[in-house]
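Notes follow once the structure below has been shown.
Any read-out appearing in this document is the output of simple, stated calculations on the displayed coordinates, not a laboratory observation. Worth saying up front: this structure is predicted, and the values here are computed from it rather than measured. Here the Cβ positions follow ideal geometry from the backbone for every residue, glycine too, while neighbour counts run over all protein chains shown.
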Amino acid sequence: MFLKGSGVAFYLRVLSPLNEFIEYLDDVEDRFEKSKMRYENEAKELSPEIEEDYWDYYIDEYHDFNSTYPSILRSSVFTSIYSFLEYHLISRCLDKAILDKVKYDRGIFKAKSYFKLRYKSNEKFKESEIFSNNVWNKIVDYSKIRNCYIHNSGIITMIPDETKQKELIQIIRKTNYIEIDDRDRIHILNREFCKEFHEVVYKFICDLNDLLLNLKD
């Protein structure tokens, strides 16, 4: 892909930092996997009797690399990518007078309201359906998963509103690489969840940038 001018700046300032979340995810997950495999390979070299003692001693450390650490990493990367999206969208709201008119929305929804006010008379903006298409709808679903992590420690039953609990359960059931465990906690199954979210965010940010470059009042 050949970029020039503003395209280079956009890539360096926005897309490259966004990609770094996935590079970091892969790097750390690979280290966890190597640590996990070290225990497994060492155990294979032992007799059955000694292997049992080996796992009695190392099982907690193995569990950390196999489950605990990857789970923390994935939820952290997921919420960090969301925060990046949130910051980026608000940073594109350049008319502070219009932004100040948005009183009740927060985060990505504040940005949505801003752009709808900013371009309320622009037909290209209306035709784009940038804030109502499938990509945006996926981001809204991800936002509800993110909110449960941030406000309820990822535990669905801690959400006070039962209707919102049921809504989130339905979102998780249709979303890849994520489930609800037996403690009603959101569990990201593998790194592919974060990668799919990254792809959705990447596309939305690029689509919005292309739209804003082409808009004229």
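Within the stretch 150-170, none of the residues are assigned to a strand (DSSP E or B), surrounded by fewer than 15 Cβ atoms within 10 Å (Cβ to Cβ) and of a type in the set (Asp, Glu). Tyr104 satisfies every condition listed in (1) touching a residue at least 24 places away in the same chain (Cβ under 8 Å); (2) of a type outside the set (S, T, N, Q); (3) loosely packed, with under 15 Cβ neighbours inside 10 Å; (4) more than 22 Å from Cys194 (Cβ to Cβ) except (1). Ala9 fulfils the conditions (1) surrounded by fewer than 13 Cβ atoms within 10 Å (Cβ to Cβ); (2) over 22 Å from Phe204 (Cβ atoms) except for a single criterion, (2). So, of the residues in the stretch 174-195 that are closer than 24 Å to Leu85 by Cα and free of Cβ contacts under 8 Å to residues at least 40 places away in the same chain, which turns out to be surrounded by the fewest Cβ atoms within 10 Å (Cβ to Cβ)? Residue satisfying both the conditions and the ranking: Lys174. The condition of being of a type in the set (Val, Ile, Thr), surrounded by 17 or more Cβ atoms within 10 Å (Cβ to Cβ) and either in contact (Cβ under 8 Å) with a residue 60 or more places away in the chain or in a helix (DSSP H, G or I) (or both) holds for only one of Ile59, Ile139, that being Ile139. Please verify whether Ile98 is in contact with a helix residue (DSSP H, G or I) (Cβ under 8 Å, 6 or more places away or on another chain) and within 25 Å of Glu167 (Cβ to Cβ), treating the condition exactly as stated. It is false that Ile98 is in contact with a helix residue (DSSP H, G or I) (Cβ under 8 Å, 6 or more places away or on another chain) and within 25 Å of Glu167 (Cβ to Cβ).
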